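What follows is one structure encoded as structure tokens, with my remarks underneath.
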Amino acid sequence: MVTIGLFDSGFGGLTVVREVKRQLPGASVEFYGDNGRAPYGLLSKETIVGYARQILDFLAGKKVDIVIIACNTATVASWEEVKDQYPFPVLGVIKPGVRAALAATRNKKIGVIATKFTIESEAYKSGIRTIDPKAEVIGLACPKLVLLVESGKTSGPDVEEAVSCYLKTFKGTEIDTLVLGCTHFPVLADTIRRYLDPDVVIVDPAVETAAEAKKLIAKKGLVADCSHPVCNFYTSGDPELFAKVGSMILGWPIDKVEKVVLDA
């Protein structure tokens, strides 16, 4: 049985779980949402690295075969620091997102929406331009969108107002690709689509990340073919809210969420 561990600052990483289960339906999942300490986007690098190590230690106890840091901010802050410190592979979502953006763009003008931490790191910009120096990357921090999803608001007037206000930045820029550089944002994809030109391709790094995980699992000689895979969910926040919002994001009911608060 293949078990994939994933973690995020909150609900956003469930969009990666959703894609993992689409591509690897026979894999079991152990997911930790650090909702109680979200959002990560305004924290220091040192703090995020510390949180990542706590969560990775926790997931290591679940006998995972691979872990995906299902959070762009945590990937930027901690992946280089932790990727070689565990007996299992640790994947991030930035490099898969970079590859997907470059595969999608036609005019090499790419927009990225993410947290303040991710945008200020220029992780997507440097990653994209390292591969294609002629690419133009416009980054935009959208912290309010994370807070809306974390509060359980995925549609409605508040979401419409925030999305419309943020995406005005891209008017006239001629971007043909928009990277959802925070795993919370695919939850709002339908709303985001309405405020973009119709020919703009929306890139969700979760798709390429799950594909990378699938290839790595095969390379390790493992087969994700369990007939009754399990999905276990843990949160440092409110288990009832997690189950409610998480079920909506995943598209199937979450029956049980265990509250696990890790040492600060």
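At-a-glance table
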quantity	calculated
Cβ charges +1 (Lys, Arg) and -1 (Asp, Glu), total dipole of region 149-251, debye	360 debye
The chain - mean residue ellipticity at 222 nm from DSSP helices (-39,500 (n - 2.57) per run, n ≥ 4, rounded to 500)	-13000 deg cm²/dmol
Surface accessible to a 1.4 Å probe, per residue, for the residues of the chain, Å²	44 Å²
log₁₀ of I(q)/I(0) at q = 0.14 Å⁻¹ - region 125-202, Debye sum with one point per alpha carbon	-0.47
The chain, dipole about Cα centre (Lys/Arg Cβ +1, Asp/Glu Cβ -1), debye to the nearest 20	500 debye
Distant-in-sequence amide H partners of ILE254 (H built 1.01 Å from N, under 5 Å)	SER247
Folded to 0 to 90 degrees: helix 94-104 orientation relative to the chain principal axis, Cα	50 degrees
For region 69-119, alpha-carbon Rg over 2.2 N^0.38 Å	1.31
Region 41-58 - phi-based ³J(HN,Hα) in whole Hz, Karplus 6.51/-1.76/1.60, Gly and Pro as x	x, 9, 8, 7, 4, 4, 5, 5, 4, x, 5, 4, 5, 4, 6, 4, 4, 5
Enclosed volume per residue, in Å³, of the convex hull spanned by Cα atoms of region 137-264	172 Å³
Listed residue (VAL223, ALA210, PHE233) projecting farthest to the positive dipole end of region 185-238, Cβ model	VAL223
Amide proton proximity set for THR177, modelled H, under 5 Å, gap of 5+	GLY111, VAL201
J(HN,Hα) series, region 106-111, from Karplus relation 6.51 cos²θ - 1.76 cosθ + 1.60, nearest Hz, glycine and proline x	10, 10, 6, 10, 10, x
ARG99 accessible area, assembled protein chains, probe 1.4 Å, Å²	90 Å²
Note, ³J(HN,Hα) from phi for region 176-188, Karplus 6.51, -1.76, 1.60, rounded to Hz, x at Gly and Pro	10, 9, 10, 8, 7, x, 9, 5, 6, 6, x, 4, 9
Whole-number D in µm² s⁻¹ for region 1-63, Kirkwood Cα-pair radius fed into Stokes-Einstein, 20 °C, 1.002 mPa s	172 µm²/s
Region 73-219: proportion of alpha-carbon pairs further apart than 17 angstrom, %	61 percent
Residue-level accessible surface for SER227, protein heavy atoms, 1.4 Å, Å²	100 Å²
Placed amide H near GLY139: partners under 5 Å, 5+ positions off or other chain	VAL112
Read-out Cα extents along the principal axes in Å, derived from the coordinates shown; its label in [x] 49, 40, 37; [y] 60, 47, 32; [z] 48, 45, 34	[x]
Descending semi-axes in whole angstrom, ellipsoid equivalent of region 15-129, from the Cα gyration tensor	24, 19, 13
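The values are calculated or read from the model by the stated rules, or taken from the named source; none is laboratory data. What you see is a predicted model; the values in this text were computed from it and never measured. All Cβ positions, even for glycine, are placed from backbone atoms using ideal geometry, and neighbour counts span all protein chains on display. These accessible areas exclude ligands, DNA and RNA; they are computed on the full protein's heavy atoms, side chains included. Shrake-Rupley method; radii C 1.70, N 1.55, O 1.52, S 1.80 Å.
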